[in-house]
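Report on one structure; see the data block that follows.
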Amino acid sequence: MSDTTQSTQTSAAGRAGNPLWSSRLAFILAATGSAVGLGNIWKFPYITGENGGGAFVLVYLLCIALVGLPILIAEVMLGRRGRQSPIQTMATLARLDGRSPHWALLGWTGVLAGYLILSFYAVIGGWSMAYVAKAASGDFTGASSDTIGAMFGGLLSDPGTLMLWHSLFMLIVIAIVVRGLKSGMEKAINLLMPLLFLLLLVMVGYAMSTDGFGQAVTFLFLPDFSKLTTEAVLTALGHAFFTLSLASGAMMAYGSFLPKGYSLVSTAATIAIVDTVVALLAGLAIFPLVFANGLEPAAGPGLIFQTLPLAFSNMAFGTLFGTLFFTLLLVAAITSAISMLEPAVEWLEEKKGIGRLKGALLAGGSVWLLGITTVLSFNHWSGLYPLAFIPVFEGKTFFDVFDYLTANIMLPLGGLFMVTYAGWCMKPQALAQALELHPAVLFNSLRFVMRFIAPLLVIIVFINQLI
Ligand code: TRP
């Protein structure tokens, strides 16, 4: 451990009246709550299905280990060193390190990314909510795959119902953010996360009893590189950022409450491992159902909503398990959504003197408004491609545009700059101190990854996509 009195000199003053996390575990739980969400259970399976399985999964795992993990360490480190909202943190640190004040821009783009993501995330969170209600009223019991497909189609085609759930989801998120990050969250995640994990195991257990399990394992873990496109590699990279809640300032904001004296490396590794295991379990729960029922792996964003109800339709206590599962998915989505709104609200509070209530209403309200474009992307505006004049956005609805713009462009770029800051703009001693690592093997290899491996991989994937 490094000398704490020494390291306080290089870190900005803590925020008045804002207590730190009560323990390392509390931080891990909150950060895991942010990381584990719809990204793991909804997005990972459907993009894996769309991108051909095994090879995509392998690239994704490599992206988590070689790019995601080092950037997670860097982002939490920056947050803990700055102890303010992401925008202020980057401004303060740049001053401390004698760098350009323009680094604050990184805080800005992050807040913007979180904002854009939340606008569609809340709509999908709304779908999960709708499915809690469907499961609880026994709608899945004995239903065939056609019925279940039609049920999902019916939901998407009804903007009024989608709006209702989207609004309710945003209201809950705003209400929690108003109360502040730490009150109640620790306890909720403490109980509900392990429960979600257990239920996923139950689902995998059920999936093993279907005759699609072998095919699913082959699909997920046997790489077929002929199916790997450059676009798929970018999607895998982008998803590594998305699923670890990187580059939007969320992890920076959470890191700003982390007390000194805890190992950032093992803390970040724990978060990344739990997050990855949850995603893989979700894949193992879903793809057997896809194959056993002759469904399409590349069905898109509706995949889990068209497959998991099939399990609940057949299994014992399906209504109970179904209700519980979608409730836990909803909780996971809420604990992630909170972390997208938090940086914006903190900034309004800190810089503009706007109270939490007003700030959360302002930021949350405008996200809600923007979310209406996603609601309409699945029905009235399904043929509306707002940025069709730009080649990469051709054929993309508002929802597709927000998804692509954030996951495939903004997050990788933001992460690239964060890790560049840690690797290139901080003096080695300052970095060692902020990471509380002695300049030995672990530190040197981590710094090497931060300087070369992670940034270069992001750049290569980008260039590859451009040509
Ligand atoms: N990681 C979350 C998930 O997988 C989503 C999320 C939360 C997020 N906060 C974020 C994504 C910040 C990007 C940026 O569902």
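We did not get these values from a lab; they are worked out from the coordinates using the rules stated. Predicted model only: the values in this text are computed from it and were never measured. So basically every Cβ, Gly included, is an ideal-geometry build from the backbone, and we count neighbours across all protein chains shown.
Could you give the nm distance between label points at V217 and H438, where each point is 7 Å from its Cα heading toward the beta carbon?
Inter-label distance under the simple model: 4.4 nm.
So if I average 1/r over every pair of distinct C-alpha atoms in the chain and take the inverse, what Kirkwood radius in Å does that give?
Working: mean 1/r = 0.0447 Å⁻¹.
Final number for the Kirkwood radius of the chain is 22.4 Å.
How far is helix 145-156 tilted off the main Cα axis of the chain, in degrees rounded to 10, range 0 to 90?
The answer is roughly 50 degrees.
For L191 and L171, what is the calculated FRET efficiency with R₀ set at 35 Å and r taken between the beta-carbons, to the nearest 0.05?
Once the sixth-power term is evaluated, E becomes 0.95.
Averaged over every viewing direction, what's the projected area of the C-alpha convex hull for the stretch 335-467? Give it in nm², one decimal, please. Intermediate results must be reported in sequence, preceding the final value.
Details: hull surface 46.4 nm².
In nm², the orientation-averaged hull projection of the stretch 335-467 is 11.6.
Quick one: if you stick a label point 7 Å off each Cα along the C-beta vector at L164 and F389, how many nm between them?
Simple spin-label model gives 3.9 nm for this pair.
Could you tell me the calculated FRET efficiency between K352 and N464, based on Cβ-Cβ distance and R0 = 60 angstrom, to the nearest 0.05?
The formula returns an efficiency of 0.90 here.
Explain nothing, just the number: dipole magnitude of the stretch 3-466 about its Cα centre with +1 on each Lys and Arg Cβ and -1 on each Asp and Glu Cβ, in debye rounded to the nearest 20. Could you put the intermediate results ahead of the total?
On the way: 22 positive and 21 negative charges, 322 e Å.
I would put it at about 1540 debye.
On a full-extension model of 0.36 nm per residue, what is the gain between A65 and R179, subtracting their alpha-carbon distance, rounded to one decimal in nm?
Full-extension gain reported as 37.6 nm.
Quick one: if you stick a label point 7 Å off each Cα along the C-beta vector at L456 and A269, how many nm between them?
The two pseudo-label positions are separated by 2.3 nm.
Give me the number: length gained by fully extending L320 to N379, i.e. 0.36 nm times residue separation minus the C-alpha to C-alpha distance, one decimal in nm. Could the numbers behind the result be given before it?
Values: separation 59, 0.36 × 59 = 21.24 nm, distance 3.09 nm.
Between L320 and N379, full extension yields 18.2 nm more.
For S209 and R99, what is the calculated FRET efficiency with R₀ set at 41 Å and r taken between the beta-carbons, to the nearest 0.05? Show your work: numbers first, answer last.
Working: r = 57 Å, r/R0 = 1.40.
Result of the calculation: an efficiency of 0.10.
Which order do the peptides 362-371, 271-280, 442-451 come out in when sorted by mean C-beta neighbours inside 10 angstrom, highest first?
On the way: 362-371: 19.2, 271-280: 21.4, 442-451: 17.3.
Packing proxy ranking, top to bottom: 271-280, 362-371, 442-451.
So how much slack lies between T141 and S22, counting 0.36 nm per residue of separation and subtracting their Cα-Cα distance, in nm?
Here the segment from T141 to S22 would lengthen by 38.5 nm.
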